[in-house]
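Below you'll find the structure, written out as structure tokens, and then a few comments.
The values are calculated or read from the model by the stated rules, or taken from the named source; none is laboratory data. Just so it is clear, the model here is predicted, and its values are computed rather than measured. Quick reminder, even Gly has a Cβ in these numbers, built from the backbone with ideal geometry, and neighbours come from all protein chains shown. Quick note on the areas: whole protein, heavy atoms, side chains included, nothing else; ligands and nucleic acids left out. Shrake-Rupley method; radii C 1.70, N 1.55, O 1.52, S 1.80 Å.
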Amino acid sequence: MAKKEKLAAETGEISIHTENILPIIKKWLYADHEIFLRELVSNGVDAVSKLKHLSSLGEYSGEVKGKVVVSFDKDKKEIRIKDDGIGMTSEEIKKYINQIAFSGAEEFVAKYKKDDANSGIIGHFGLGFYSAFMVSETVEIHTKSYTGTPAAHWVSDGSTKFTIDASDKSDRGTEIILHVDKDNEDFLESYKIKEILNKYCRFLPVEVEFEGEVINETHPAWIKAPSEVKEEEYREFYHKLHGYGPDPLFWIHLNVDYPFRLTGILYFPKIVNEMEINKGQIQLYCQQVYVSNNVNDILPEFLTLLRGVIDSPDIPLNVSRSFLQNDRNVKKISGHITKKIADKLNELHQNDRANYEKYWKDIAPFVKYGMVTDESFLDRVQDAVLLEKPDGGFVSVKEYTEANKETQKGDQDKVVILYTNDKDKQATYLDQVNEKGYQAVVLDHLIDNHFISALERKRTDVKFTRVDANVVDKLINPNALTVEVNKEQASVLEKVFRSIIPNEKVKISVENLTSSDIPAKVIVSEESRRLKEMMKAMTVMQGDKSTDDLFDESTLVVNVNNDLVRKMLILEGTRPELVKELAEQVWDLASMAQAPLNGARMSAFVRRNNKLMSLLS
Ligand code: ADP
Ligand code: MG
């Protein structure tokens, strides 16, 4: 057998042949070819910002107008981006342009950052200058440095080869000429360039001109100090971003320097209809350059229902989603915004209650959604949550609990918040609650079930109970004693009602209620109803909601303190058939207070009703 030879250890360097990598980068790095314009215009803006900066330091004494001009020539298949910024020497071209992924902007900031931490230099969006080759056969640069060295001309076809020679450019600055390739001739249209500029460059800090017009606003509201911006300007800016719908309700102006940089304005929109609650209405900027309208990985989901702008150079760009969500700066930023929103809500609640009540219906779904999904937000805003009263007006959770602590004192340790999720359907239950002097509130939004559970989990001092969850006396305290019922009578009534309600899931309970008005009432315990609603939500049941199904697990409470029920007891011995029909009538009426009867049951009810009425004559 041959002796096993052991391989000697070795270390080395993996080599990259750039000429193989470049075409791949060019083709695949950005799905969106249009960003070449963003990159080249921001480089022009940077060139101007740099020169202004040097001028402010006294290192340059010439005039700085500061402008980026974009133009195109469809016949020559050219797009040009020209600036009157800092320019480049031929040495600088070799250093900055010929080295892909070497950021000159970073170097500039590092060199001058002692002088001004907020240099406003955009830089670093990813591939930067090289993105020009995504749409070009060849790219030319004519540039003349502010230092007065001879103007230079650079040409490359995006391979690893380039040439540099003299340029006849006489004015300071840089002009980039793109010779657009066959596949990208779509970009040689006025509307197309306008559209791209309008998307990415609308708020750049240096004037950008296209077809003789300045297309951008260099000082958008969000970069100003909040004290400098008037209410009207905030509204105008909102409409600039989101068109001419209704005014926003209110807004917060973000302005942080440390420990991260963040500016922006977030608006609470007025919701005209629920369909309009669409996401993707917050625009993300980096140093006034538009990045995207996708902030889903940066903000908690509920905040994406807001509108407006956030701008932060500390949000990493062009990185994967999972990375973003775990980024420390992103976490801090999202935490900061959440807190600011909660502060604003509390401030309005305390200092501007009348307006806050006006806004409440519009913002309630948003606030509740936030509370359900973000516990720290729930902690912060729970005192600012309003509950609507059935006849108008609002009460906060805190006010409700404080006002009702006394009236509700019994053996329970929680304040019960009585609510209705359908004022019309539960009208009879609401009336009884009002007669008793209890306060009910309306919670009728889809989110309310979840909101209730979230709040109950958090606050051990409140419990929500729907007005139809029990007989009025026991709504607040289920263990409350009611007047005792004669056992014999109870068993007679139970037997009668059981004979007409064969469904064993409907329990029958004969009670002596303090109120004599109604003969019977269907109740569904809060716990079993919520459990059922949860299951329903999970299985997305479809088809008809027959009343029988709704009344599974419910209880028919028969009231012996009612005249009709007492008559039934008297007649039971002599006219059992009539008593049975009366029982059916009582059962149907009680059911109707919960939900409409299904077809067959409804027609039986009408027939029986007519028959019973004819007995009166
Ligand atoms: P970044 O902007 O992140 O530095 P780029 O690839 O976009 O990366 O640009 C590389 C460098 O080339 C810039 O930092 C700058 O030094 C130089 N440069 C590019 N465009 C211009 C321009 N219009 N004027 C002056 N210098 C420029
Ligand atoms: Mg750049």
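What tally of residues in the stretch 152-167 results from selecting those that are in contact (Cβ under 8 Å) with a residue 24 or more places away in the chain and either within 15 Å of ligand 1 (Cβ to nearest atom) or closer than 29 Å to Gly58 by Cα (or both)?
Final tally of qualifying residues: 6.
Filtering the stretch 335-358 down to residues that are among the aliphatic types (A, V, I, L, M) and surrounded by 16 or more Cβ atoms within 10 Å (Cβ to Cβ), which residue is farthest from Ile315 (Cα to Cα)? Reasoning before the result, please.
Let us first name the residues in the stretch 335-358 that are among the aliphatic types (A, V, I, L, M), namely 337, 341-342, 345, 348, 354.
In the following step, the residues that additionally are surrounded by 16 or more Cβ atoms within 10 Å (Cβ to Cβ) were identified as 337, 341-342, 345, 348.
Working: Ile337: 14, Ile341: 20, Ala342: 22, Leu345: 26, Leu348: 30 Å.
Per the stated criteria, the residue is Leu348.
What is the one condition in (1) assigned by TED's automatic domain parsing to the domain that holds Ile35; (2) in contact (Cβ under 8 Å) with a residue 40 or more places away in the chain; (3) open to solvent by 10 Å² or more (accessible area, probe 1.4 Å) that Gly148 does not satisfy?
Of everything listed in (1) assigned by TED's automatic domain parsing to the domain that holds Ile35; (2) in contact (Cβ under 8 Å) with a residue 40 or more places away in the chain; (3) open to solvent by 10 Å² or more (accessible area, probe 1.4 Å), Gly148 misses just condition (2).
Residues to consider are Asn486, Asn470; find the one that is under 19 Å from Asn559 (Cα atoms), loosely packed, with under 15 Cβ neighbours inside 10 Å and not hydrophobic (A, V, I, L, M, F, W, C). Full working, then the answer.
Working: Asn470 fails: loosely packed, with under 15 Cβ neighbours inside 10 Å.
That would be Asn486, the only listed residue that is under 19 Å from Asn559 (Cα atoms), loosely packed, with under 15 Cβ neighbours inside 10 Å and not hydrophobic (A, V, I, L, M, F, W, C).
Here is a list: Ile177, Ile196. Which entry is more than 24 Å from the chain's Cα centre (by Cα), in the same structural domain as Ala132 (by TED's automatic domain parsing), assigned to a helix (DSSP H, G or I) and not small (Gly, Ala, Ser)?
Residue meeting the stated conditions: Ile196.
Condition check: open to solvent by less than 70 Å² (accessible area, probe 1.4 Å), touching a helix residue (DSSP H, G or I) at 6+ places or on another chain (Cβ under 7 Å) and not hydroxyl-bearing (Ser, Thr, Tyr). Does Asp374 satisfy that? Lay out the reasoning, then the answer.
Working: open to solvent by less than 70 Å² (accessible area, probe 1.4 Å): yes; touching a helix residue (DSSP H, G or I) at 6+ places or on another chain (Cβ under 7 Å): yes; not hydroxyl-bearing (Ser, Thr, Tyr): yes.
The answer is yes for Asp374.
Working only within the stretch 598-615, note down all residues that are within 23 Å of Leu493 (Cα to Cα) and either outside any helix (DSSP H, G or I) or open to solvent by 80 Å² or more (accessible area, probe 1.4 Å) (or both).
Lys611, Met613, Leu615
Within the stretch 290-303, count every residue that is crowded, with 19+ Cβ neighbours inside 10 Å and touching a strand residue (DSSP E or B) at 6+ places or on another chain (Cβ under 9 Å).
So the answer is 6.
From Glu584, Glu577, which residue is acidic (Asp, Glu), open to solvent by 80 Å² or more (accessible area, probe 1.4 Å) and assigned to a helix (DSSP H, G or I)?
Criteria check complete, one pass: Glu577.
In the stretch 37-82, how many residues are in a strand (DSSP E or B), open to solvent by 10 Å² or more (accessible area, probe 1.4 Å) and more than 10 Å from ligand 1 (Cβ to nearest atom)?
At the first step, the residues of the stretch 37-82 found to be in a strand (DSSP E or B) are 67-73, 78-82.
Next cut, open to solvent by 10 Å² or more (accessible area, probe 1.4 Å) only: 67, 69, 71-73, 78, 80, 82.
Still in the running and more than 10 Å from ligand 1 (Cβ to nearest atom): 67, 69, 71-73, 78, 80.
Within the stretch 37-82, residues that are in a strand (DSSP E or B), open to solvent by 10 Å² or more (accessible area, probe 1.4 Å) and more than 10 Å from ligand 1 (Cβ to nearest atom) number 7.
Is it the case that the stretch 105-121 has a residue that's away from ligand 1 (no atom under 12 Å from the Cβ) and at pLDDT 90 or above?
No, because not a single residue in the stretch 105-121 is away from ligand 1 (no atom under 12 Å from the Cβ) and at pLDDT 90 or above.
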